[in-house]
Amino acid sequence: MGISIPDVVCPFCGCLCDDLIIHVDNGRIIKNEHGCAISKSKFLHHLDDRLEHPEIRDGDSHQTVELKTAISHCVDLLKNARRPLIYGLSSVENDAHREAYKIADLVGAIVDNTSSVCHGPTILGTQESGEAAGSLAEVKNRADLVIYWGSNPQFAHPRHISRFVKPPGEFIHDPRTDREVWVFDIRKSITATLADRFVKVEPGRDLEVLSALRALVRGHEIDVSEVGGVPIDTIRELAERMKSAKYGILFFGLGLTQSHGRHHNVDAAIRLVQDLNSYTKWNMMSMRGHYNVAGANKTLTWTTGYPFAVDFSRGFPRYQPGEYTAVDLLRRGEVDVLLNIGADPVAHFPKVAVSHIRKIPVINIDPKRNLTSLFAEVNIPTAIAGIECDGAAVRMDGLPLYLKKVMNPPEGIIPDREVLQMIYEQLEEVMQ
Ligand code: SF4
């Protein structure tokens, strides 16, 4: 007879929805209640495209090997590396991070996570100007003005609006009348079609619109007819409405962090929110993509003081985005071994970085086959955290949540943290 497991956390996007009911029957997941289409696919198809056995490259193909043989090969590669890079970590749970950082410390590697190619500018902007952070619970209970800037949650975070914006909250009795949703974007996205107001910004001119809003919020006059494609009268009206909100929240995505201006855009948004706090209550929050990219930033900060791009080669952590970020290191051809954990850089990095990946040995730790696994020297399959093993992850607002194990992994497959622990322990022995 099947079982139903309540309050399961979805390990896909930064919303970490914690209300799923997963039905398991006869060793298979047969139903995912409450999950969005992406979540249903992740749970119901978790056995598709799996790496089934550890394997080592043999010419143009891969040879299946025992786990201990694969681990020994990883240890040989890492101990002889001069400039190893450990990358990924945003789709694995926090205990796996700890083991990866121990390896980095031992062999003097660089650790970078996927935030260096997504919300890295957010972190730099925050380090520059502070963090006006809030929680998703506050948004649901208090926000009467919600802004999505350069973000399309209906595609990338399908339950963000239905869980935190559409339902009533403690002080929002009827969200249809008590809450307004605005979208700032370069095109009318599917999220914009649901919003109360859509503001079309010319591509790459977010910084100017944010700066104009800020000037008007501070009471300065601007002697132009439009900024960034938005009429100045509209910007003036928006600024007044933002000042009159009881509690406003600015959610922003890669449309802001990766357009012209990058961390300066985030810096301007933070300063706008700081200015608005002279009048009323405002917070801002980045729409984190991978389910534990916020966790990767937190655990690395807890461990080293820095959130990404950390170099251990001198025996102590050093931080330098642009110098120790994965794409920059690979582009300059510095890295001689890549330990990739739960990411697919071959699919997502620029061509020049991928060209270097193809010249060096790659140790790939991942539950599934992907483009990186095709080029890897060693592939080690692992259990999917939140489905086949437990763990902890950090939601986009910084809330840590416990990921449940709902069924056993395929035979012989163990969690990322155990694979990394085996590599660390063997490295420690041979490097004494
Ligand atoms: S919105 Fe994100 S976390 Fe929530 S169910 Fe969908 S994929 Fe999972």
GNM flexibility winner over the chain from Leu371, Leu256, Leu77 (Cα, springs under 10 Å): Leu371
Other-chain or far-sequence residues with amide H under 5 Å of Leu20's (modelled H): Asp7, Val8, Cys10
Range in the chain, longest, excluding exposed trypsin sites (Lys or Arg not before Pro) [loop by DSSP; at most 14 other beta-carbon atoms within 10 Å]: 83-186
Mean Cα-pair separation over length for the range 120-286, i.e. relative contact order, pairs under 8 Å, 6 or more apart, %: 33 percent
Of Thr303, Thr280, Thr193, the one that fluctuates the most in a GNM where the chain has Cα springs shorter than 10 Å: Thr193
Only Lys, Arg (+1) and Asp, Glu (-1) charged, at Cβ; the chain dipole about Cα centre in debye: 700 debye
Beta bridges per DSSP with both ends in the range 120-286, % antiparallel, nearest 5: 15 percent
Relative contact order %, the chain, counting alpha carbon pairs below 8 Å whose residues are six or more apart: 24 percent
Which of Gly125, Asn152, Cys74, positive extreme of dipole for the chain (C-beta unit charges): Asn152
Partner aspartates and glutamates for Lys166 [C-alpha distance under 13 Å; skip if fewer than 8 residues away on the same chain]: Asp144, Asp174, Asp178, Glu180, Asp196
Cα gyration tensor shape for the range 249-290, rounded if a/c is under 1.5, else prolate or oblate: oblate
Other-chain or far-sequence residues with amide H under 5 Å of Ser313's (modelled H): none
Amide hydrogen neighbours beyond the local backbone of Ala392, cut-off 5 Å, H modeled: Asn94, Asp95, Leu403
Accessible area of the range 1-128 belonging to carbon and sulfur atoms, whole % at 1.4 Å probe: 49 percent
Kirkwood-type radius of the chain, with distances r between different C-alpha atoms, in Å: 22.9 Å
Note, ³J(HN,Hα) from phi for the range 105-119, Karplus 6.51, -1.76, 1.60, rounded to Hz, x at Gly and Pro: 5, 5, 9, x, 8, 9, 10, 9, 10, 5, 5, 5, 10, 9, 9
Linear extension gain, Glu170 paired with Leu194, 0.36 nm per residue minus alpha-carbon span: 6.3 nm
Proximal lysines relative to Lys298, as straight alpha-carbon distance under 23 Å, when same-chain residues fewer than 8 apart are discounted: Lys102, Lys404, Lys405
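The values are calculated or read from the model by the stated rules, or taken from the named source; none is laboratory data. Predicted, not measured: the structure shown is a model, and the values here were computed from it. Neighbour counts are summed over all protein chains in view; Cβ atoms, including those assigned to glycine, are modelled from backbone coordinates with ideal geometry. For the accessible areas, the whole protein counts, side chains as well, though only heavy atoms, and no ligand, DNA or RNA atoms are used. Shrake-Rupley method; radii C 1.70, N 1.55, O 1.52, S 1.80 Å.
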